[in-house]
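Undergrad: One structure, pasted below without further comment.
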Amino acid sequence: MQFAIPALLVVHVFAAVFWYGSAMFLVRFVLPTASAAGESGELFLLRMVEQTRFPYALVGAGALTVLTGLALLDLVSGNFSPAFMGTNMGIALSAGGACALVAFLLAILFARGLRTRAIGAALILFLGLALLAMVLSHYV
């Protein structure tokens, strides 16, 4: 049990970094470039989504991030004890988890074909808010 928190934390951080980095790269660089390329850009995106495992990797990293985050919160809070969850750290971690969950649902929509700029921007926004909440949770 003494290795559970560090092990979960390593998996959580690496999955989150991959998830955020991949989503940011896709939304900020790949989608605008493909959009500007016109029909050939649309074909590129279609091939990227249908012939690679990228959408599954994005959703998988999101699922791994959310699940390990939930397990970490459970361990750190003492089974979600109200005493911990009412503290500033508990509130910040819960808010970050809620933002990550919304981002995960947006990633599922994105992977299932609803690829709009609004969905991509919301995904990046909620991932950024989750990251901010997690960082701030250690300082509040």
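Just so you know, all these numbers are worked out from the coordinates, no wet-lab data involved. Being a predicted model, the structure only gives us computed values, none of them experimental. With ideal geometry, Cβ positions are generated from the backbone for all residues, glycine too; neighbour counts draw on all protein chains shown.
Undergrad: In the range 105-120, how many residues are part of a helix (DSSP H, G or I) and either closer than 24 Å to ARG53 by Cβ or in contact with a Cys (Cβ under 7 Å, 6 or more places away or on another chain) (or both)?
TA: In the first step, residues of the range 105-120 are kept if they are part of a helix (DSSP H, G or I); the result is 105-111, 117-120.
Going one step further and asking which of them are either closer than 24 Å to ARG53 by Cβ or in contact with a Cys (Cβ under 7 Å, 6 or more places away or on another chain) (or both), we end up with 105-111, 117, 119-120.
The number of residues fulfilling the criteria is 10.
Undergrad: If I filter the range 121-140 down to residues being touching a Cys at 6+ places or on another chain (Cβ under 9 Å) and surrounded by fewer than 18 Cβ atoms within 10 Å (Cβ to Cβ), which single residue comes out as farthest from LEU73 (Cα to Cα)?
TA: Here the answer is LEU125.
Undergrad: Please state which one of ALA122, ALA34, ALA107 is farther than 24 Å from PRO6 by Cα and touching an Asp or Glu at 6+ places or on another chain (Cβ under 9 Å).
TA: ALA34 is the lone residue from the list that is farther than 24 Å from PRO6 by Cα and touching an Asp or Glu at 6+ places or on another chain (Cβ under 9 Å).
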